[in-house]
1. Got at least one residue in the range 181-191 being open to solvent by less than 10 Å² (accessible area, probe 1.4 Å), among the aliphatic types (A, V, I, L, M) and at pLDDT below 95?
2. Of all residues in the range 145-161 being open to solvent by 70 Å² or more (accessible area, probe 1.4 Å) and touching a residue at least 24 places away in the same chain (Cβ under 8 Å), which is farthest from residue 206 (Cα to Cα)?
3. Looking at residue 23 and the list (1) open to solvent by less than 60 Å² (accessible area, probe 1.4 Å); (2) of a type in the set (A, V, I, L, M); (3) modelled with pLDDT under 90, which single condition is not satisfied?
4. So if I check each of 90, 69, which one is within 19 Å of the chain's Cα centre (by Cα), closer than 28 Å to residue 55 by Cα, modelled with pLDDT of 75 or more and open to solvent by less than 60 Å² (accessible area, probe 1.4 Å)?
5. Looking only at the range 15-47, which residues are more than 24 Å from residue 91 (Cβ to Cβ) and either of a type in the set (Lys, Arg) or part of a helix (DSSP H, G or I) (or both)?
6. So residue 164 clears everything in (1) surrounded by 15 or more Cβ atoms within 10 Å (Cβ to Cβ); (2) under 30 Å from residue 78 (Cα atoms); (3) charged (D, E, K, R) except one condition, right? Which one?
Amino acid sequence: VRDDQRMLDTVDSIREYGVLVPAIARPDPEGGYELISGHRRKRGCEMAGLQTMPVIIRDLDDDAAVLVMVDSNIQREELLPSERAFAYKMKLEALKHQGARSDLTSMQVAQKLSVQKVGDDAGVSKDQVRRFIRLTELISELLDMVDERKLAFNPAVEVSYLKRDEQRMLLEAMDAEQTTPSLSQAQRLKKFSQEGRLTEEAMSAIMSEEKKS
């Protein structure tokens, strides 16, 4: 939760109208409650000086709690690519876990259906879901660059296939060349990595190429 302009707008709305949509919480076995969705509304109430807010209490297991949390947040326009990536990944793992427990389908079919459901619920294709989830394989420095729009989404997906030490090597090469890889450069880096040929010299040669206009 960030105290940004949108939060200040939320505070103004809460002061004027109150909380229109209740938050969702579940009982904590050790006492009290765990908030599942409504963290921004809770912060807004605190900033508005309110002592209480409307909350619906539900008995949810961990998988169901993840699904409620992701679905209540995934439609927010200001989500960073990294936030969307980890949200999709969390939801997919929760759905697969539920499918495994139901024993209704084979794991392969359950996984395919789960990816399709994540995409359908978010209004994107299953391929786009997979591409976002690939971003979770990036080292934190490269993922930050995607969030800051310093590294484009499509090249970042290709770079995610590099081993972690290769990603760190790329970070140094990017700094040395003062550039980021184009999609074709990123695809070649991935190919060299998969073939076990991505040396420092090969990476430097690829990164120093002049990009097509």
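1. Taking every residue of the range 181-191 in turn, none turns out to be open to solvent by less than 10 Å² (accessible area, probe 1.4 Å), among the aliphatic types (A, V, I, L, M) and at pLDDT below 95.
2. If we filter the range 145-161 for residues that are open to solvent by 70 Å² or more (accessible area, probe 1.4 Å), which is where we start, we get 148-150, 161.
If we keep only those that are touching a residue at least 24 places away in the same chain (Cβ under 8 Å) as well, we get 150, 161.
Working: 150: 19, 161: 16 Å.
Here the residue is 150.
3. That leaves (3) as the condition not met.
4. Answer to the selection: 69.
5. Result: 15, 16, 17, 44, 45, 46, 47.
6. Just one mismatch for residue 164, condition (1).
The values are calculated or read from the model by the stated rules, or taken from the named source; none is laboratory data. Here the structure is a predicted model, which means the values were calculated and not measured. In this analysis, Cβ positions are derived from the backbone assuming ideal geometry, glycine residues included, and neighbour counts consider all displayed protein chains. Ligands, DNA and RNA are stripped out before the accessible areas are found, and what is left, the full protein with its side chains, is counted by its heavy atoms. Shrake-Rupley method; radii C 1.70, N 1.55, O 1.52, S 1.80 Å.
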